[in-house]
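Engineer: Before anything else, here's the structure in question.
The values are calculated or read from the model by the stated rules, or taken from the named source; none is laboratory data. Quick caveat, the model's predicted, so the values are computed rather than measured. In this analysis, Cβ positions are derived from the backbone assuming ideal geometry, glycine residues included, and neighbour counts consider all displayed protein chains.
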Amino acid sequence: MGRILHFGLGNFARAHLLDYTDQAGGWDVVGVSLRSPAVRDGLAKQGFDYDLCVHGEGVRRVTVLQDVLVAPENPMAVLRAMKDADVISATVTEKGYHLEPSGQLDEHDPAIIADLSGQKPSTLIGFLAHGLAERTRPVTVLSCDNRVENGRALQAAVFRFAQIAGLSIEWDIVRVPNAMVDRITPATTDAVRAICGDPMAVPTEAFSEWVIEDSFAGTRPDWPGVQIVHDVAPHELRKLRMLNGAHSLLAYAGLARGHTFVHEAIRDQALRNLVGQLMADAGSTLPKQVQDQVPGYASALMARFENPDLQHRLDQIAMDGSQKVPYRFIETLRETGSEPVIQGVRTWIDYCVSETAQGRSLNDPKSTQIAQAAQCADPTSGLLALVGAEDLAPLIRE
Ligand code: CS2
């Protein structure tokens, strides 16, 4: 029996890595919650099993999870668990990597400063640096978050942290593959809990995709349907720029036009046209070998967005914009000057300015800086600076 130690037990992990591993058989998963005990407490009451409510397919009981460790309660238990796991994986969202827009470890981030000065880690990066320094047996560290070259970025961040902290990691026994992950998984609603009769149920769509770089230090589960490839980049750019780019455009422009859910926004003809053009523009930036997939992928995405059963809230997607805008909009914009992408960036800026003006703090790790920038004389430049794109201000303002 192999073991995965997984950091971050949000709905996405429970609908993706845990579901794949449950279906693979022969492996189990121990989860690590980096913040609150809520998920552990909820799942512990039901033996760590939960219902996955797959729209269009029915309910599946996922039984692969054995335990959940709550890092703030007992960081030493997490470090001990890191010694034995065959695979250490993570879905901690973009902000959990503590990176600058350039992709380097953000050494000014308070959580990283605290981890570097304290004895016990609290971030994924701190745990990995300390945990890997203790490893003598090969291990794969698998990032399952939306980010360009997620494995490389994670490895570089841990490398830098370890360097500053004076920790020595035997990198020869560690592999950190890049991976593209996809499954639209909204927050759980009371209706989903009621339908399943499970307070910890997770709603998700039938579609799912996982493409992982062929770079493992040891064995891995026989995950059904997972593509193991030499180069993840074409798949990852397709998904991040087309799906996630379209999602963020729908979120900021859709909220401004009074919509609440993705399925409503995509039925608004003006937004639908914008999204179609954004996908075509983003598609044109992709490597040659996936160019012919662009039209089919775009129409499949439209159908996924139209799914009314998912009840996917736009304000959920609008969260953490400072972390998402760089890879969802800025890269495509630099390569194409795309008009719908310009509108995406503009509507993000408008969203920051109007939320701040109404006295609401954004749900974003840079909420303080966003509020300051949104109230300054030139919010466009101030906000673009936060996503490493101040030079694009003239284009956005036009
Ligand atoms: C969404 C993603 O919340 C968001 O930002 O764009 O969570 C999206 O649903 C997933 O990446 C789909 O795989």
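Engineer: Output the residue which, of all residues in segment 146-182 that are touching a Lys or Arg at 6+ places or on another chain (Cβ under 9 Å) and part of a strand (DSSP E or B), is surrounded by the fewest Cβ atoms within 10 Å (Cβ to Cβ).
Structural biologist: Val174
Engineer: Within segment 266-283, can you find the residues that are more than 20 Å from His312 (Cβ to Cβ) and surrounded by fewer than 14 Cβ atoms within 10 Å (Cβ to Cβ)?
Structural biologist: If the condition is that a residue be more than 20 Å from His312 (Cβ to Cβ) and surrounded by fewer than 14 Cβ atoms within 10 Å (Cβ to Cβ), then Asn273 is the only one that fits.
Engineer: Can we say Thr368 is modelled with pLDDT of 95 or more and surrounded by 15 or more Cβ atoms within 10 Å (Cβ to Cβ)?
Structural biologist: Judged against the criteria, Thr368 is not a match.
Condition check ((1) of a type in the set (Val, Ile, Thr); (2) touching a strand residue (DSSP E or B) at 6+ places or on another chain (Cβ under 8 Å); (3) within 16 Å of the ligand (Cβ to nearest atom)) across all residues:
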| site | (1), (2), (3) |
| --- | --- |
| Gly218 | no, yes, no |
| His230 | no, yes, no |
| Tyr252 | no, no, yes |
| His259 | no, no, yes |
| Met279 | no, no, yes |
| Gly296 | no, no, no |
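Engineer: While we're here: Looking at Glu100, Glu94, Glu107, Glu170, which is the one that is charged (D, E, K, R), more than 16 Å from the ligand (Cβ to nearest atom) and under 16 Å from the mean Cα position of the chain (by Cα)?
Structural biologist: After applying the criteria, what remains is Glu100.
Engineer: Moving on. Could you tell me how many of the residues in segment 196-236 are surrounded by fewer than 17 Cβ atoms within 10 Å (Cβ to Cβ), within 20 Å of His312 (Cα to Cα) and not aliphatic (A, V, I, L, M)?
Structural biologist: 3
Engineer: Separate question: Does Ala270 qualify as being over 28 Å from Val87 (Cβ atoms), out of contact with any helix residue (DSSP H, G or I) (no Cβ under 6 Å at 6 or more places or on another chain) and either in a helix (DSSP H, G or I) or of a type in the set (D, E, K, R) (or both)?
Structural biologist: Considered against the rule, which asks whether it is over 28 Å from Val87 (Cβ atoms), out of contact with any helix residue (DSSP H, G or I) (no Cβ under 6 Å at 6 or more places or on another chain) and either in a helix (DSSP H, G or I) or of a type in the set (D, E, K, R) (or both), Ala270 comes out as yes.
Engineer: On to the next question. How about segment 232-250: which of its residues are among the charged types (D, E, K, R) and more than 9 Å from the ligand (Cβ to nearest atom)?
Structural biologist: Scanning segment 232-250 gives Glu236, Arg238, Arg241.
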